[in-house]
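Here's the structure we're looking at; comments come further down.
The values are calculated or read from the model by the stated rules, or taken from the named source; none is laboratory data. Given the structure is predicted, the values throughout are model-derived calculations rather than measurements. Here the Cβ positions follow ideal geometry from the backbone for every residue, glycine too, while neighbour counts run over all protein chains shown.
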Amino acid sequence: MQVEKFSYDNQIVKQFTIAALIFGIVGMLVGLILAIQLYMPELNLGLQYITFGRIRPLHTNAVIFAFVGNIIFAGVYYSLQRVCKTRMFSDLLSQIHFWGWQTIIVLAAVSLPLGITTGKEYAELEWPIDLMIAIVWLTFGTNMFGTIIKRREKHMYVAIWFYIATFVTITILHVVNSIEIPVSLIKSYPIYAGVQDALTQWWYGHNAVAFFLTTPYLGLMYYFLPKAANRPVYSYRLSILHFWALIFLYIWAGPHHLLYTALPDWAQSLGTVFSIMLIAPSWGGMLNGLLTLRGAWDRVRDNPILKFMVVAVTAYGMSTFEGPMLSLKNFNAITHYTDWTIAHAHIGALGWNGFLSFGLLYWLIPKMWGTELYSKKLANLHFWVGTLGIVFYAIPLYWAGLTQSLMWKQFTPLGILQYPNFLETVLQIIPMYILRSIGGLLYFAGIFLCVYNLIKTAKLGTFIKNEDAEAAPYIKEKDQMKRGLIHRWLEKRPAQFALLALVVVLIGGLVELIPTYLVKSNIPTIASVKPYTPLELQGRDIYIREGCNTCHSQMVRPFRSETERYGEYSKVGEFVYDHPFLWGSKRTGPDLHREGGKYSNLWHYLHFEDPRQMSPGSIMPQYPWLFTQSIDISVTPAKINVMRSIGVPYEEGYENFANQDLMKQANTIADDLLNNGVPAEPDKEVIALIAYLQRLGTDIKGNQTVNK
Amino acid sequence: MRSNKILFPFFVSLFFFFEQSNLFAAGDESLDKVMRFMLVLTIIVIAFVLWLTVVYSEKNDLEGRVFKAPLTALKKALTKSIPIEKEQEILLHHNYDGIQELDNRIPPWFAALFYGTIIWAVVYLLSYHVFDDGQVQSKEYNLEVQQAAFERQILIKSGTFINEETVTLANDAATLAEGKEIFAKNCVTCHGQNGEGLVGPNLTDDYWIHGGGIKNIFKTIKIGVPQKGMISWQTQLDPKKMQAVSSYIMSLHGTNPANAKLPEGTKWEEPAQADTTKTIGS
């Protein structure tokens, strides 16, 4: 057969690599700042733009979508060309993809500190950026499928299966979770409310972890690990089994983020059982990775690349075991809302994603520059500094999470909360926060060793922009599906493969989401629950803008220790007008769902001015800007209109009177403050926020027995 | 003869294990039990090491082949892995940019784990949502609350837990001193240094908004009047402390402090003995 000559595009890989390293440094730096702010809130320098609630989403977005994202694209562009034996489908699409993605990242880095956010975790970016993401993602998909179609290799290698599943699923997740109605260019409300929004969001959030942090990385592992180890993949059968099982089961597990919340019991149970069933398929990936190293273990000792990969795959195995355990309700009751979750996430992020990325980079850069790694010693040092960083990061947080949770639940022999003051439980774990930031610092220092080493490596060699290759063309031949070789047949058909993957991932999503949207019995309505007043709505948007939900949950779980501390547990019917839901996922501060009426307006006013004058030792930042910035009442009518269009029963024409009501309520609060000795301007943002907080959880207060 | 050597330590350890079987039951002497358990564990380890030396010396099994034989067989049965030396036999004709694939069997332990979790999932769903009513968490919560209420009742009956119905006026100096301390720490900002009233009402006159007398005062402190700024103290002060501060407030009656706030509420008269639970307002 005629051998064809062609070349691989290394330029695009290089671009993505450089972008990944730059944004990796930025993302981790922001993480470090956040870790220190947890015990030193004044590190925000009094600036709203770098206050915890605003830059926490910046950190998560930067490390997930900028660092990991760019590594994925670098790895996919490198490996896809080679396992398809062809150049990318279109260099132009590659470049559009690259520059489009970087523009999105820059827009995110500007908009999030400005407080432009949807408030939905890992999907904080506002609707214009969401649209851009969709376009750029489809560009990537087109380029990828184009490449697969013009491949010279008969079958698609397992890495490609994972890339396809990633593309298909992320597309669905992003589209479904981002359906929102714009209020202005920088503000929108999701069409889902309350429990529906929560379920959709965590279906998305969980599977962003599954299909952005896991499946593409498994694909990368399947290419780069056998390459680096120079060993055959352990088991092809295991690849098939764990691939399909993984993508089918993963999509169901989202509700495990909402255990013991107001989510219906049946959905919670699905979350639990599918998480447990995920153990084996997840471990399938780890096994195939580690067992591929059989016969290469002697090389692991002196090869930093393999070391990074071994720890990465092990961390993957650890966190995919820990995850299902955390999905068991009795375990979840202890760990949820605490720092345990943060530790768990970082075993995955720092161990699995971080270390696999470093292993990949140390292998890839010398290859593309046609040379050897500049310094094995430095890479080894990086490995140890990074490992130590992970240990120092995770162990204090596990400890902190467990300590705090036990303190929340502790009753005295008389049956009264032992630590009724939430702050006490926070102050107890501050030393752990300090240790954790040291762990973070170590890991952060490691990436500089990496960058230095890679730059030096690049200087040793010369960049091979277009790498020459040759292969025989793939001539399609008719074949029949044969017993025992069905998958082999499928591996030749990218379209059918993608379609099947789509069907497989859709099943779980549909079964969980559709009944929650349609079946009324899932959300028993409560007559006393009314829409927010215009002032409360504005206050709620300020709450979202400041990212209050990153530290305060709004979900009192049905535990005696919580109903004693906060009040009646949260009912699903209370959230029907919450676009978006603000249940939160972490309690750095106390739950706020029953905050309404708990303290006076004055208390809140002084608390926002300086939390420490009301709660000595508090780690909440000050919010001086809320006292100088005025409520933007020009958008009130638009907000009312959009809310009405998505089912909130404001009367027709109410938008014309909304601002009158708003001022009336604001004046009432200002008058109350004045009566208590503090003159306050009614048009300031703090007034709206107080109005919202005083409303929280009060709709059903009449129906409850506050005390026994 | 040899079988005795194996069986004897085995039965000894079994005996100790059953002896310790209630180890994980909650109890006051759990620490003691842990210590005993550790002791037994140590004895078992020592016995095991002794047994090993006997077996090794008798068999001259320096590489531990005899000893490890069952383990090696088990490992083989669990992994069904083809040894590296023979892997050419299962090397598939796949070659992706130099990456080859072996056709090792799915490890039986992995398959067992996979199918095991699926069976577990079915059992879980059936037991909660088919054989039970599916009201998982509200049921759990109600049980927890009932249990606590039951325990609370016992405490109330035994007199350990004071509530607004069982509270009595304390007159001893120590309690009043404690009450004064609590008052100074928590109450003076609203009710004044001497109970003369500031934002909150005067506590020294005959007039009470939410009822006078030890029981009503205790109740007001416990539950609070949030809409007027009086917070509920029951999660912060235990009942004894609330009794102390209530008693102290009672002792302020008629002290006529300077700058006393005007009377608010209705004049309170101590009811006849029989009707002590009546309260005014809420």
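For the range A:412-429, indicate whether the set of residues that are more than 14 Å from every other protein chain (Cβ to nearest Cβ) and crowded, with 16+ Cβ neighbours inside 10 Å is non-empty. Walk me through it before giving the result.
Looking only at the range A:412-429, we keep the residues that are more than 14 Å from every other protein chain (Cβ to nearest Cβ), and these are A:426-429.
Narrowing the set further to residues that are crowded, with 16+ Cβ neighbours inside 10 Å leaves A:426, A:429.
The answer is yes; a qualifying residue exists.
Could you tell me which residue of the range A:279-294 is surrounded by the most Cβ atoms within 10 Å (Cβ to Cβ), considering only residues that are hydrophobic (A, V, I, L, M, F, W, C) and more than 8 Å from chain B (Cβ to nearest Cβ)? Walk me through it before giving the result.
Quick first cut of the range A:279-294, residues hydrophobic (A, V, I, L, M, F, W, C) only: A:279-280, A:283, A:286-287, A:290-291, A:293.
Next, from what is left, pick out any that are more than 8 Å from chain B (Cβ to nearest Cβ): A:286, A:290, A:293.
Details: A:Met286: 22, A:Leu290: 19, A:Leu293: 20.
Looking at residues that are hydrophobic (A, V, I, L, M, F, W, C) and more than 8 Å from chain B (Cβ to nearest Cβ), I get A:Met286.
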Legend entry - Selection from the range A:191-217 of residues that are among the small types (Gly, Ala, Ser) and within 28 Å of A:Lys571 (Cα to Cα): A:Ala193, A:Gly194, A:Ala198, A:Gly205, A:Ala208
Inset, instruction - Would you mind stating whether A:Gly567 is under 24 Å from A:Glu424 (Cβ atoms), more than 26 Å from the chain's Cα centre (by Cα) and surrounded by 20 or more Cβ atoms within 10 Å (Cβ to Cβ)? - result: yes
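Scan the range A:135-145 and give yes if some residue there is crowded, with 18+ Cβ neighbours inside 10 Å, in a loop (DSSP other than H, G, I, E, B) and either of a type outside the set (S, T, N, Q) or touching a residue at least 24 places away in the same chain (Cβ under 8 Å) (or both), otherwise no. Write out each step before concluding.
Within the range A:135-145, the subset crowded, with 18+ Cβ neighbours inside 10 Å is A:136-137, A:139-141, A:143-144.
Now drop any that are not in a loop (DSSP other than H, G, I, E, B), which leaves none.
No: the range A:135-145 contains no residue that is crowded, with 18+ Cβ neighbours inside 10 Å, in a loop (DSSP other than H, G, I, E, B) and either of a type outside the set (S, T, N, Q) or touching a residue at least 24 places away in the same chain (Cβ under 8 Å) (or both).
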Legend entry - So A:Arg540, is it away from chain B (no Cβ under 13 Å), surrounded by 18 or more Cβ atoms within 10 Å (Cβ to Cβ), within 28 Å of A:Phe657 (Cα to Cα) and among the basic types (Lys, Arg): yes
Legend entry - Residues within the range A:504-532 that are within 23 Å of A:Phe211 (Cα to Cα) and part of a loop (DSSP other than H, G, I, E, B), tallied: 0
Legend entry - One residue from A:Ala349, A:Ala262, A:Ala345 being among the small types (Gly, Ala, Ser) and within 12 Å of chain B (Cβ to nearest Cβ): A:Ala262
Legend entry - Out of A:Gly446, A:Gly461, sole residue that is touching a Ser or Thr at 6+ places or on another chain (Cβ under 8 Å), crowded, with 16+ Cβ neighbours inside 10 Å and among the small types (Gly, Ala, Ser): A:Gly461
Legend entry - Single unsatisfied condition, B:Glu181 versus (1) outside the structural domain of B:Ser251 (by TED's automatic domain parsing); (2) surrounded by 12 or more Cβ atoms within 10 Å (Cβ to Cβ); (3) not β-branched (Val, Ile, Thr): (1)
Inset, instruction - State whether one or more residues within the range B:133-155 are in contact with an Asp or Glu (Cβ under 8 Å, 6 or more places away or on another chain) and crowded, with 17+ Cβ neighbours inside 10 Å. - result: yes
Inset, instruction - May I ask you to verify whether B:Glu101 is within 29 Å of A:Ala469 (Cβ to Cβ), over 36 Å from the mean Cα position of the chain (by Cα) and more than 7 Å from chain A (Cβ to nearest Cβ)? - result: no
Inset, instruction - Only residues in the range A:685-706 that are over 16 Å from A:Tyr566 (Cα atoms) count as the first member; pair them with residues that are in a loop (DSSP other than H, G, I, E, B) and modelled with pLDDT of 90 or more, Cβ under 6 angstrom, at least 6 apart or cross-chain, and list the lot. - result: A:Glu685/A:Gln629; A:Glu685/A:Ile631; A:Ala688/A:Ile631
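Select the helices (runs of 4 or more DSSP H) contained entirely in the range A:369-467, then report the ones holding at least 2 residues which are among the β-branched types (Val, Ile, Thr) and closer than 23 Å to A:Val30 by Cα. So that I can check it myself, show each step before the final result.
Values: elements: A:376-409, A:422-427, A:430-460.
Of the helices (runs of 4 or more DSSP H) lying wholly inside the range A:369-467, those with at least 2 residues that are among the β-branched types (Val, Ile, Thr) and closer than 23 Å to A:Val30 by Cα span A:376-409, A:430-460.
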